[in-house]
Every structure is written in C-alpha cells, then in structure tokens.
Amino acid sequence: MPTSRFDLILFDLDGVILDSRSNMERAWRAVQNEHELTTPFEAYFAEIGRPFADIMARLGLADRAAAIETTFRRSSTETISQTEFYDGMADVLSRISGSSVKAGIVTSKDEIRARLVLERLDCHFDIVLTPRADLRGKPAPDALLYAMALLHTDPVHTVFVGDMKSDHEAAKRAGIAYAHVDWGYGDPVDDDRHRLSEPQMLLTLLGLD
Ligand SMILES: [Mg+2]
C-alpha cells in the first residue's frame with residue numbers, strides 16, 4: 001500500500017475544486033456595466049487567486065477597488081449555487097475527509113461565497129481560511145503558515161494544491177510541497193514535482209488509493 005508523507009492537505013478553491021470561470025465572467029460583466037469599465041474579463045481573470053484589491057491595483061483600478069468589489073461580490077453571489085465542482089472532485093474530497101489526513105481551504109474568495117460553495121460538499125474541512133486583515137493574501141505565505149500552526153502540522157508534512165502562479169509562490173515561501181492541477185486556470189509551472197491531471201491523483205499523492 002502506498003504511503004504518504006503528508007498529514008495536511010490545503011486546497012485553493014477556484015480552478016481547483018470549483019469551476020467558477022463563468023460565475024466570475026458574469027460578475028465582471030456587471031462590474032463593466034455599473035462602473036463603465038472597458039477592462040476585459042481576461043485581464044481580471046489572469047490575476048485571480050490574488051487578493052481582490054491587489055488585482056484592482058494591477059489593473060490600474062486601485063482608486064475604485066472597494067466599489068468594484070461590492071458589485072463583483074453581489075453579482076457572483078447571485079449565481080454561486082449554480083457553479084459546478086470539477087468531475088470527481090467531490091468524491092475525492094469525501095475520501096480525504098474520511099481519512100486521517102487533515103484538510104483545509106486557503107482561498108481569496110470571501111467567507112460568505114466560500115461557505116455557500118463548501119456547504120454543498122459532503123465533507124469536513126479542518127480549516128477554511130478566507131481573506132482577513134491580519135494575514136496577507138497569496139502569493140504571501142501567511143495563510144498557509146497560519147493553517148499549519150493552528151493544525152499543529154510541520155511544513156514538511158503539508159502540501160498545497162493550486163492552479164495559479166500565486167499558489168505556487170505561496171507554497172514555496174511557506175516551505176511546503178506544491179501540487180499543481182492541470183484542470184485549473186493557470187499555466188503549468190516549471191518546477192512542480194507533483195502535477196495532477198485528474199482529481200483521483202490526489203488520493204495517490206496522499207497514499208489513500
Ligand atoms: Mg485558483
């Protein structure tokens with residue numbers, strides 16, 4: 001039976017568990033309409049994973065970030081219950097949830113939307129970290145380090161599963177392993193040792209298959 005060195009697995013949400021692209025595209029259209037912006041969705045989407053305010057700064061919209069975020073969140077929340085999980089992901093998460101491996105979520109989605117998504121899954125997460133004032137967002141390592149501290153887990157026994165460069169960088173800066181999913185929204189990273197092409201591979205990574 002395969003064994004794993006990991007006691008804790010932390011997941012990004014969008015592009016890893018949840019296929020939320022169409023939800024975000026709809027929300028960005030509402031932003032374009034209400035704020036009379038021409039910034040294309042693709043420019044926003046290329047940066048997702050970072051804190052919303054950071055993305056706005058990168059798009060030259062820092063001075064309107066709070067108002068834009070209010071519109072975006074409202075529109076996204078309206079259809080968040082219709083977003084789909086990636087095929088096979090719910091089953092895999094359920095398996096992990098029933099194992100001795102601890103599991104958590106580290107996402108840039110706000111708490112309300114993250115909870116609306118996660119309550120549709122039949123699994124227990126030991127920790128769910130959404131943006132908060134006392135922790136820097138990805139690509140800073142703060143939330144990953146905080147999760148490990150709260151769950152009494154060493155970096156060498158922890159892996160973060162993500163889909164964007166900001167996920168990879170956060171894992172590196174936290175000193176933990178990184179697994180990159182091929183089904184997400186980012187480009188492949190150069191030096192990922194764990195590259196996942198289907199959710200089932202998570203079970204292999206954790207020695208649960
Ligand atoms: Mg993501």
Review point. Rounded to the nearest 0.05, what FRET efficiency do residue 190 and residue 79 have when you use their Cβ-Cβ distance and R0 = 30 Å?
Key: 0.30
Practice item. Give the long-range amide H neighbours of residue 128: residues separated by 5 or more places, or on another chain, with amide H under 5 Å away, using H modelled in the peptide plane at 1.01 Å from N. Key: 105
Review point. Hey, what's region 21-81 come to in accessible area per residue, 1.4 Å probe, Å²?
Key: 51 Å²
**Study point:** aspartates and glutamates with Cα under 13 Å of residue 165, excluding same-chain neighbours fewer than 8 positions away
**Key:** 12, 47, 182, 187, 190, 191, 192
Check your understanding: What is the pair-distance distribution P(r) of region 21-81, computed from all Cα-Cα distances in 10 Å bins starting at 0, with each bin given as a whole percent?
Key -> 24, 64, 12, 0
Study note, to complete from the structure: Row for region 79-209, column shape: gyration tensor on C-alpha, a ≥ b ≥ c, rounded if a/c < 1.5 i.e. under 1.5, prolate if a/b over b/c, else oblate; value rounded
Review point. What is the helix-to-structure angle for 165-174, meaning the angle in degrees between its Cα long axis and the longest Cα principal axis of the chain, kept from 0 to 90 and rounded to the nearest 10?
Key: 50 degrees
**Study point:** Order of exposure, largest accessible area first, which applies to 76, 99 with probe 1.4 Å
**Key:** 99, 76
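The values are calculated or read from the model by the stated rules, or taken from the named source; none is laboratory data. It should be emphasised that the depicted structure is a prediction, and the values quoted were computed from it without experimental measurement. Positions of Cβ are backbone-derived with ideal geometry, glycine not excepted, and every protein chain shown enters the neighbour counts. Please note that ligands, DNA and RNA were not included when accessible areas were found on the heavy atoms of the full protein model with its side chains. Shrake-Rupley method; radii C 1.70, N 1.55, O 1.52, S 1.80 Å.
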